[in-house]
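Right, one structure below, let's go through it.
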Amino acid sequence: MKKLFIFSLAIVCTLNMFGEQLQFHGIYYNILNDSTLEVAVQPSCSSTNECLTYTNFIPGLIFGVKKYTVVGVVDSAFYKYSTLAFVKISLNMTYIGTKAFYGCTSLTTIISDAVDVPVLGDSVFSGCPLSNATLYVPEEAVMDYKSAEQWKEFGAILPINSMATDKNRF
């Protein structure tokens, strides 16, 4: 009976973690399942606050003895963060939700380590100055990003290894 109780308690504790959030360097992550997370939001900044200029989505996070992979960004996560200028997307990112970067009027640079082009929800970059923005991607993925909806709207899509020579952008 004692073993059954301990086993049941472990299952309940595990199940309670799903739907919870972890926080790392001010960014909150939703726990999706036993091994994956998605970027939720940075609640220390309201959508009209002028405090966020840079975000780096980490590829993974170790919390206690569990290792999680960050795979997505929720809808409207950075909606109208007008000072957000730079985003780095991890190689494990598979999707970015609807209006995740809507109205980020200072967004000029995204670096994506993802070889497989992340799927985008609707209007992910609406209101962003994409024609003046640069997207850096793995060299083998340049053509895929250039042909993908919404991604192809960036003014320049360049291989990551060209960043060192692209002095006008930094």
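The values are calculated or read from the model by the stated rules, or taken from the named source; none is laboratory data. All figures in this text were calculated on a predicted structure; none of them were measured in a lab. No Cβ is skipped: glycine too gets one built from the backbone with ideal geometry, and neighbour counts run over all protein chains shown. We work out accessible area using only protein heavy atoms, side chains counted, and drop any ligands, DNA or RNA first. Shrake-Rupley method; radii C 1.70, N 1.55, O 1.52, S 1.80 Å.
Counting the residues of segment 70-121 that are among the basic types (Lys, Arg) and either in contact with a strand residue (DSSP E or B) (Cβ under 6 Å, 6 or more places away or on another chain) or without any contact (Cβ under 8 Å) to a residue 12 or more places away in the chain (or both) gives 1.
Candidates in segment 112-141 are the residues that are of a type in the set (A, V, I, L, M, F, W, C) and surrounded by fewer than 17 Cβ atoms within 10 Å (Cβ to Cβ); of these, the one that is nearest to Tyr95 (Cα to Cα) is Val119. Under the condition of being touching a helix residue (DSSP H, G or I) at 6+ places or on another chain (Cβ under 9 Å) and among the aliphatic types (A, V, I, L, M), the residues counted in segment 125-148 number 4. Only one of the numbered conditions (1) modelled with pLDDT under 95; (2) more than 27 Å from Leu22 (Cβ to Cβ) is violated by Ser131, and that is (1). Across segment 67-80, the qualifying residues are those that are open to solvent by less than 20 Å² (accessible area, probe 1.4 Å) and at pLDDT below 85, and the one among them that is nearest to Pro129 (Cα to Cα) is Val70. Taking segment 25-44 as the range and being open to solvent by 40 Å² or more (accessible area, probe 1.4 Å) and either within 12 Å of the chain's Cα centre (by Cα) or modelled with pLDDT of 70 or more (or both) as the test, the residues that pass are Tyr28, Leu32, Asn33, Asp34, Ser35, Val41. Any chance segment 91-109 includes a residue that's in a helix (DSSP H, G or I), open to solvent by less than 20 Å² (accessible area, probe 1.4 Å) and not hydroxyl-bearing (Ser, Thr, Tyr)? Within segment 91-109, not a single residue is in a helix (DSSP H, G or I), open to solvent by less than 20 Å² (accessible area, probe 1.4 Å) and not hydroxyl-bearing (Ser, Thr, Tyr). Scanning segment 139-147 turns up no residue that is among the acidic types (Asp, Glu), at pLDDT below 95 and either in contact with a strand residue (DSSP E or B) (Cβ under 7 Å, 6 or more places away or on another chain) or on the phi > 0 side of the Ramachandran plot (or both).
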